[in-house]
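Written below as structure tokens is the structure these notes are about.
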Amino acid sequence: MPKHYRPAGKKKEGNAARYITRSQAVKYLQVSLSLFRKLCILKGIFPREPKKKVKGNHHTYYHTKDILFLKHEPLLEKFREMRAYEKKIKKAVSKKNRDLAERLLTRKPSYTLDMLIRERYPKFIDALRDLDDCLSMVHLFAALPAVEREKIPVNRVHNCRRLGHEWQAYIARTHKLRKTFISVKGIYYQAEIDGQKITWLTPHALQQVLPDDVDYNIMLTFLEFYETLQAFVNFKLYHSINVKYPPILDPRLEALAADLYALSRYFDNRASMAESSTTSFSETDVSKDQVEGPNYDESELRLAQLQQQIPSNEPGALMHLVQNATETDEDDSDTRECKTLFKDVKFFLSREVPRESLLFVIPAFGGSVSWDGEGAPFKETDQNITHQVVDRPTQGHKFLSREYVQPQWIYDCVNARILLPVEDYIVGRIPPPHLSPFVDNEAEGYVPEYAETIKRLQAAARNEVLPMPGVGKEDLDDPQNLLVEGVIDRAEAIEAATKKRKMSVLQKQYHDELKKELRSTQISTASDGNKESVPEHVDAGEDSLPDLSQISKDADSMSKIVMPRKKQKLLKAMEIGKERKQASVDRLKERKRKIEEGKKSGK
């Protein structure tokens, strides 16, 4: 009998026992396919790729342990209970028993995903690592229209908009925003919280068209989970800076679609309430036993305090740091740098610029901002405004005390972390190229001209020394050049020159010894019969050293021969990728050369 013989009907082993197809899983759990997809999305269970597909390559496989987790999930029983309850409602409606149907609808069972969030993310850092897709999905549905045929209700859209504004208000208040980039898809943002870089995409403020080839039921299932996750994260972040969650906003500002500004007013109100509570703590203790007021609801009290302590026309900054919430000693260097970028700059936004994005970006870097409309903190005629953001060909009425710039200037300043010159961004002029901060130009092999300009401006702002165009960094090590530039004095230049001379002598001595060693090895390998031709061979060896490039090529070819076939294919794919990258770099350089030639010929 063979060693691995298994009689029919016995227990399975290997991949046959470790993996199960989707149809088998649905039959095993006794659920529909749509409910199975929903459970897998909520539980975070994804298909697997076994080494050997027992049932064939056209099946989708799941791990058996994952299906057992679904089997014992309490949410599965809740879904079965809801399905049975819907059958009761349908039966009452079919029998035309309206009273029973309405009574059943009022007591319809519901479920929450709080336990799933705690199960999938036991630590807060785990939730931050998985927040990229969550934020992109929430901001996407916040910009979508409410369509009944796609089952996108209005309350889901409003909830996504509220969660997104709460997240942006925290990022702007704590100055955690690091990068931003405007693309065709939307606006990319990157923030850093507890050492985790979180990148998300927000769509442009345009009318969104819903395509027909998208399954919105699956997206709404993801959104259901992401809404709960985002609420948990916002709750934790708000309590980390001693702010109550959820915030109660000014209804007048909410009606004017100024939710971010309303959140900033709420932050300032919470800070002032904390100060007033600490000063009047003893007075409340004395009068606590003497006077007993009526018992109001906590939400009503908070709303009344908010409306009374915030005047309707109070001017001020949009996003000031919460007092006693985050101290400057705890901030890292990046946060301190971002906090003071727009410290003494006051912006005013015209009607045509992307208001929501700029209301988020400018306060995140320490600036104050207002806009053209009701509920604005200050008007356009304010004499303290330093920059007005305009995105139109011409500007009619101009104030001489302020600069008129395009919106791209703000995003480029944020990415460069310095205030760039405004001459290239004035109204009516084509701005410089908007460079992505997510691309490493050195690794790509092509550095744009404007990136080099920004690099020199950054060095000038930090009092650093950079090489001139056409001069490498190694030339800065030459003490004579540094002496000419006035970087070091004469005594230091003499000392550095002597050190460099000694190093060059040692390097030359090392190369001479290496040549002698190569010559001696060639002489020893020569035959004894050709003793007369040895001196000629030695003289020729001085001039013809071994070709290092050929040696490296031979070594590479030998290593490729020894490689397995799978690794050879992988190496070939890597080489093809490098060739494509080099081809794209050459294409960019050729395009740049043609543009420069066109400019010269046009002049």
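Nothing in this text is a laboratory measurement; each read-out follows from the coordinates by a stated rule. Owing to the predicted nature of the structure, the values given are computational and were not obtained by experimental measurement. Neighbour counts are summed over all protein chains in view; Cβ atoms, including those assigned to glycine, are modelled from backbone coordinates with ideal geometry.
Structural remarks
- Available extension along the chain between His511 and Gln208 is 102.2 nm, counting 0.36 nm per residue and deducting the alpha carbon span.
- Residue pairs, from the table Lys43/Lys151; Lys71/Lys123; Lys553/Lys578, whose Cα atoms sit over 20 Å apart: Lys43/Lys151; Lys71/Lys123
- If R0 equals 35 Å, the separation of the Cβ atoms of Ile182 and Lys581 corresponds to a calculated FRET efficiency of about 0.90.
- Whole-Hz couplings from phi, Karplus 6.51/-1.76/1.60, listed for segment 46-63; x for Gly and Pro: 10, x, 10, 10, x, 5, 10, 8, 5, 8, x, 7, 8, 9, 9, 10, 10, 6
- Mean Cβ count within 10 Å, highest first, over the residues of peptides 390-401, 34-45, 333-344: 34-45, 333-344, 390-401
- Extended-chain gain in nm, criterion 0.36 nm per residue less alpha-carbon gap, Leu571 and Glu102: 162.1 nm
- Computed from label points 7 Å out along Cα-Cβ, the spacing between Glu495 and Ile430 is 5.3 nm.
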